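Enquirer: Before anything else, here's the structure in question.
The values are calculated or read from the model by the stated rules, or taken from the named source; none is laboratory data. This structure is a prediction, so every number in the text was calculated from the model and none was measured. Quick reminder, even Gly has a Cβ in these numbers, built from the backbone with ideal geometry, and neighbours come from all protein chains shown.
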């Protein structure tokens, strides 16, 4: 699946997007965050406070308990500050 | 209801957008516009400019979802939402919401609703340039509270045109 990162999540991880294949035990957005956190220092820094991280599956806001099966694109970003 | 949603790097002309929405119409009795403008300070510190990052595709989709929601809640005749991205200097426009209805109540309420949701749900992020460096603007709890007030049951919708 394709992962997208925005704003300081992108800066801390050091890339805007990547393709990943998480193991089948990774079922939810929250599981995915925990799995990503172990991939390196940048990920651990980006997700150090997972409660404030927002996620979207295929361009729709989702919560941490959302299931990722069938997702084409999952995005992670900080709370939004537009307008 | 005519809806126009645009994301763009370029500046926009508020008067021209209102004119586009109302030209030739005699059913519109009220137009409300909200314009968000880049200030020269953030959290008490001067800024040289801000840069808006967005999630292409989702930003448009999210705004469209809230325009539909506004149209379901109030009898609107037209909505225009324009949000800029990229580098914006103090004094320049950032965002425009125009709502048109037969009467003012719906136009005022829908404009406030759309702005409250744009702030907290549309995927945009502001970074400001200060003397100390580039800083990501922090989300405000007051913006969340402002969006929260719309989650009460919506008012009954009057007959819309």
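Enquirer: (1) touching a helix residue (DSSP H, G or I) at 6+ places or on another chain (Cβ under 7 Å); (2) buried (at least 24 other Cβ atoms within 10 Å of the Cβ); (3) part of a helix (DSSP H, G or I): which one isn't true of residue B:100, the others all being true?
Expert: Failed condition: (3).
Enquirer: When you scan segment A:1-8, do you find a residue that is free of Cβ contacts under 8 Å to residues at least 40 places away in the same chain and more than 10 Å from the chain's Cα centre (by Cα), even just one?
Expert: Scanning segment A:1-8, I find no residue that is free of Cβ contacts under 8 Å to residues at least 40 places away in the same chain and more than 10 Å from the chain's Cα centre (by Cα), so the answer is no.
Enquirer: Go through (1) under 24 Å from residue B:120 (Cβ atoms); (2) touching a strand residue (DSSP E or B) at 6+ places or on another chain (Cβ under 6 Å) and name the single condition residue A:49 misses.
Expert: Unmet for residue A:49, out of (1) under 24 Å from residue B:120 (Cβ atoms); (2) touching a strand residue (DSSP E or B) at 6+ places or on another chain (Cβ under 6 Å): (2).
Enquirer: Residue by residue through segment B:3-42, note down the ones that are part of a strand (DSSP E or B), within 20 Å of residue B:104 (Cβ to Cβ) and over 16 Å from the mean Cα position of the chain (by Cα).
Expert: B:30
Enquirer: Let me ask something else. Of all residues in segment B:44-70, which are touching a residue at least 40 places away in the same chain (Cβ under 8 Å) and in a loop (DSSP other than H, G, I, E, B)?
Expert: B:47, B:48, B:55, B:56, listed by residue number.
Enquirer: Does residue B:139 satisfy the condition of being crowded, with 17+ Cβ neighbours inside 10 Å, free of Cβ contacts under 8 Å to residues at least 24 places away in the same chain and within 14 Å of another protein chain (Cβ to nearest Cβ)?
Expert: Details: crowded, with 17+ Cβ neighbours inside 10 Å: yes; free of Cβ contacts under 8 Å to residues at least 24 places away in the same chain: yes; within 14 Å of another protein chain (Cβ to nearest Cβ): yes.
Considered against the rule, which asks whether it is crowded, with 17+ Cβ neighbours inside 10 Å, free of Cβ contacts under 8 Å to residues at least 24 places away in the same chain and within 14 Å of another protein chain (Cβ to nearest Cβ), residue B:139 comes out as yes.
Enquirer: Checking residue B:69 against (1) surrounded by fewer than 18 Cβ atoms within 10 Å (Cβ to Cβ); (2) out of contact with any helix residue (DSSP H, G or I) (no Cβ under 9 Å at 6 or more places or on another chain); (3) at pLDDT 95 or above: exactly one of these is not met. Which one?
Expert: (2)
Enquirer: All but one of (1) more than 14 Å from chain A (Cβ to nearest Cβ); (2) within 17 Å of residue B:150 (Cα to Cα) hold for residue B:115; state the number of the condition that does not hold.
Expert: Answer for residue B:115: the failing condition is (1).
Enquirer: Quick check: anything in segment B:92-106 within 24 Å of residue A:4 (Cα to Cα) and within 14 Å of chain A (Cβ to nearest Cβ)? Spell out how you get there, then give the answer.
Expert: Just the residues of segment B:92-106 that are within 24 Å of residue A:4 (Cα to Cα), to begin with: none.
Checked against the condition, which is being within 24 Å of residue A:4 (Cα to Cα) and within 14 Å of chain A (Cβ to nearest Cβ), segment B:92-106 yields no hits at all.
Enquirer: Can residue B:79 be described as within 14 Å of chain A (Cβ to nearest Cβ), buried (at least 23 other Cβ atoms within 10 Å of the Cβ) and part of a strand (DSSP E or B)?
Expert: When the stated conditions are applied, residue B:79 does not pass them.
Enquirer: Is it fair to say residue A:79 is away from chain B (no Cβ under 13 Å) and touching a residue at least 12 places away in the same chain (Cβ under 8 Å)?
Expert: So residue A:79 does not fit the description; no.
Enquirer: With the requirement that a residue be closer than 30 Å to residue B:77 by Cα, surrounded by 14 or more Cβ atoms within 10 Å (Cβ to Cβ) and more than 10 Å from chain A (Cβ to nearest Cβ), what does segment B:33-62 give you?
Expert: The answer is B:33, B:35, B:38.
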